[in-house]
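Scroll down for the structure; my scribbles are underneath it.
Throughout, read-outs are computed from the coordinates displayed, never taken from laboratory work. Treat the numbers as computed from the prediction; the structure is a model and nothing was measured. Because the Cβ atoms are built from the backbone with ideal geometry, glycine has one as well, and the counts that use them run over all protein chains shown.
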Amino acid sequence: MSCTAWVAAAATPGDLVAARVQMAFSLGWHIVIACFGVGMPGLAVFAEWRGLSTGDPAWDVLARTWARAMGVLFAVGAVSGTILSFEMGLLWPGLMGPFGDVIGLPFALEGFAFFIEAIFLGIWLYAWDRLPPRIHVLTGVPVLVAGVASAFFVVTANAWMNQPRGFDLVDGDVVGVRPWEAMFNPATPPQTVHMIIAAFMVAGFGMASVYAVGLLRGRRDRHHRLGFLVPFTVAAVLAPVQVVVGDWAAGFLAEYQPLKLAAIEGLSRTTAGASLSLGGIFVDGELRYALEIPNALSLLAHWDPDAVVLGLDQAPPELRPPVNVVHWSFQIMVGIGFALVALGAWLAWSWWRRRDLPGSPWFLRAAVLAGPAAAIALEAGWVVTEVGRQPWVVYGVLLTRDAVNPHPGLVAGLLTVLAVYAVLTVATVAVLRRLARRGPVAPQERTDAR
Amino acid sequence: MSAADALLAILWIGLTLYALLGGADFGAGLWDLLAGGAERGRPQRDLIEHSIGPVWEANHVWLIFVITLFWTAFPTAFAPFAATLYIPLTLAALGIIARGAAFAFRKASEELWLQRLFGAAFAFSSVVTPFFLGAIAGAVASGRVPARIEDGDVLGSWWNPTSVTVGLLAVGACAYLAAVYLCADARRAGQERLAEGFRRRALVTGVVVGVATVAAPLVVRADAPALVAGLTGRALPIALTSVLAGVASLGLLIARRYVLVRVTAALAVAAVIWGWGAAQYPQVLPGLSVPAAAGDPAVLSAVLWVLGIGALLLVPSLVFLFTVFQRERVAR
């Protein structure tokens, strides 16, 4: 069927907003949990392996404690991810009809990755007493590899929405699909690397912040120190790497999605020697009250202080993304990113000087906040990617309003979904808090079914 | 066989495996619901949790496999399917969330009131979800999902005699599969009394669901004539296989051959699904046949390669999973 036929079936504006909110909400919810699915197995398997190789029971306790939280988080992640595959079709049939096959390949690959993850997670979580220890630790490795692979495959599909390739449009019909070209598009390398590192940072800082609470309350035993240091160190080492990758991603935008970059910077007009804007509000087509750093944007985007940076004026007003949302989300992401780098540097300095955590309680207080902050940065970054692409669902090819389900009633669906997610959120937080409060699991205490 | 036909066959295998493996997990939730009070029902609930805990996530992935393969291989059919059936799809999705999350939450909870609360959510959604999934199948089977999105009836497509019948049969089939599956697990755990209980439940649900399945075409004949014509025509050998496997299962249950009955019970349910497929082929949706619904040939062949290579990883992994947990526990 041609694209124009799908356009003719557009829904009401209210249903479009409801569909967008529902997608944003369920994806934004899943993405945080999914980060733990990507980041936790590596840390837990590392702890189990250290326990085996050193014979130190503290590592074993740590691995089993994390395994319990993983059981909960994986279940919630799997089911909240399933909803997304339903929603792709029930909210956006105008995308999936013409382009379902174009983006199908990464989902087929992701299916296998998720299968391997679920199978070996089942084994790793429940066969602690059924397999010899050295085999058991090995069954955790596929969980780690498949988790990272899953994230990679899913993000390639999103990268395609930013840089659609691998098909031809003839009279509005999608023909001549080249699935590998669609999957490995120019947005794929920066976007996948940025997301996978973000996942490890969210998981690392998130896990560390739980132990930071315990340390602040005076539980300075080896379990709490290890539980804090291992995930925090991994996340803190990745934080500066993420700054470099973020710069790479911004360079990609300058070349391939200049309109998104213009929205990020609130740059109204195409400018040579453009300045970098911090803060400010976009009103009446201008960014006001921002702190401007002369020529810095041209320098960052093109490695030339006098380079021309395209402004919002490159597109007609109805095809521009909402500037304030994108601009401020970007500021929040970058601001938190640098704060996390600074926090890591604080620990590194203290460790270098005296092989210990910083003595100030302010360090631990900041570390408690680092977990939620990393999750906020993740959400903000995702808003930059997704809202910055609007009003397109497939950049330059298909408008979001032309992809939405034309049937009425999406508002009622949204309200139902919001209610269920509210209950799910409360229950997840309550269960995880109880698990954390219950404290470490002794090695002799079995973590499998009974 | 064209690439599209091959992918349709793989899709149907995936659907069958989800119906059997995921279905048994859903059915276990139903028996959890009917297990009785917290004290009396504890052994039964413990067995259920023990049996499905390690495997339910892997069993659940078959659904995601089917959905993503559907839109990849047959995008033109997937779009009106999902758009028209968004109400039961949303309800099934919410049931899946409630079920998976509540199961994990119950396992992680120690207080009785929390176990009860999450247990109720797990068990209730285990019954509701297969009903909606069955109603969705009934909507497609009775030709109520038109090929154009705008023509779809968002309520009547799934709220009609055929869909409701198939939905109820789905709940019953899940209960039957679970009871059969749990017989052998209970015996292996050395719990003969529980095994006897599940044997009785399997016999009762087997008879009820079997009679209902055979009688269903009479109910839906006026509603979905093409489906019934297909089932009693081209698909008749498959339908008869289902009946024979069902009768054999009852005999094996009476003889307490719990491992063998898993095979025949699975065959009885699988044959219903394949009978539906054979009755409807080559129509995916009314007026939309397999070649017309299929995606781009380059994608189909790439996906076939991926599935072939992926199976080399997947099959040994699945065998490992099921053997680890079907063996007797190794001594520590």
### Summary
Over its alpha-carbon atoms, chain A yields an Rg and a Dmax in Å of 23.3, 69
### Summary
Surrounding charge for A:Y256, neighbours by C-beta under 13 angstrom, Lys/Arg +1, Asp/Glu -1, total +2
### Message
Give me log10 I(q)/I(0) at q = 0.17, 0.20 Å⁻¹ for the range B:32-148, Debye formula, one equal scatterer per alpha-carbon, no solvent.
### Response
-0.87, -1.07
### Number of partner chain Cβ atoms within 10 Å, mean per residue of B:85-91
6
### Summary
Kirkwood Rh over alpha-carbon pairs of the range A:281-369 plugged into Stokes-Einstein at 25 °C, 0.890 mPa s gives a D in µm²/s of 147 µm²/s
### Message
Given a Förster distance of 30 Å, report the FRET efficiency between B:E150 and A:D247 from their Cβ-Cβ distance, rounded to the nearest 0.05.
### Response
0.05
### Query
What Kirkwood hydrodynamic radius, in Å, does the range A:30-92 give when the mean of 1/r is taken over all pairs of distinct Cα atoms and then inverted?
13.0 Å
#### Entry: Using alpha-carbon coordinates, inclination of helix A:361-387 to the longest axis of chain A, degrees
30 degrees
### Query
Over chain A, what is the mean sequence separation of C-alpha contacts under 8 Å (at least six apart), divided by residue count, expressed as relative contact order in percent?
22 percent
### Task
Report the full-extension gain for the segment A:A272 to A:A348: residue separation times 0.36 nm, less the Cα-Cα distance, to one decimal in nm.
23.3 nm
#### Entry: Cα long-axis angle, helix B:3-17 against chain B (0 to 90 degrees, to the nearest 10)
20 degrees
#### Entry: For the range A:194-352, convex hull of alpha carbons as volume per residue, Å³
133 Å³
#### Entry: Sorted peptide list for A:357-365, A:125-133, criterion being average Cβ within 10 angstrom, highest first
A:125-133, A:357-365
### Length released on extending from A:R365 to A:V145, taking residue separation times 0.36 nm less the Cα-Cα span
75.9 nm
### Summary
Between the modelled labels at B:V214 and A:L138 (7 Å from Cα along Cα→Cβ) the distance in nm is 5.1 nm
### Task
State, as an integer percentage, the relative contact order of chain B based on alpha-carbon contacts under 8 Å between residues 6 or more apart.
22 percent
#### Entry: Per-residue [θ]222 nm for chain B (sum of -39500 (n - 2.57) over DSSP H runs n ≥ 4, rounded to 500)
-26500 deg cm²/dmol
### Task
Please compute the Cα-Cα pair-distance distribution of the range A:110-150 with 10 Å bins starting at 0, giving whole percents from short to long.
36, 49, 15, 0
### Taking N as its residue count, the alpha carbon Rg of the range B:186-332 over 2.2 N^0.38 Å
1.39
### Message
For A:L398, what residues show an amide H to amide H distance below 5 Å, using hydrogens built from the backbone and excluding near sequence neighbours?
### Response
A:V393
### Query
Radius of gyration and Dmax for the protein assembly as shown's Cα atoms, expressed in Å?
27.1, 86
### Query
At a Förster radius of 56 Å, what calculated FRET efficiency corresponds to the Cβ-Cβ distance of A:S53 and B:M1, to the nearest 0.05?
0.60
### Task
Note down the net charge around B:S126, summing +1 for each Lys or Arg and -1 for each Asp or Glu among other residues with Cβ under 13 Å from its Cβ.
0
### Query
Once you have the alpha carbon radius of gyration of chain B, what is it after dividing by 2.2 N^0.38 Å, with N set to its residue count?
1.00
### Message
Show me, bin by bin at 10 Å from 0, the whole-percent P(r) of the range B:104-205 based on Cα pairs.
### Response
15, 26, 32, 18, 9, 1
### Query
Averaged across the residues of A:398-408, what count of C-beta atoms belonging to other chains lies within 10 Å of each residue's C-beta?
2
### Summary
Rounded to 0.05, the calculated FRET efficiency for the beta carbons of B:S289 and B:I13 at R₀ = 25 Å is 0.75
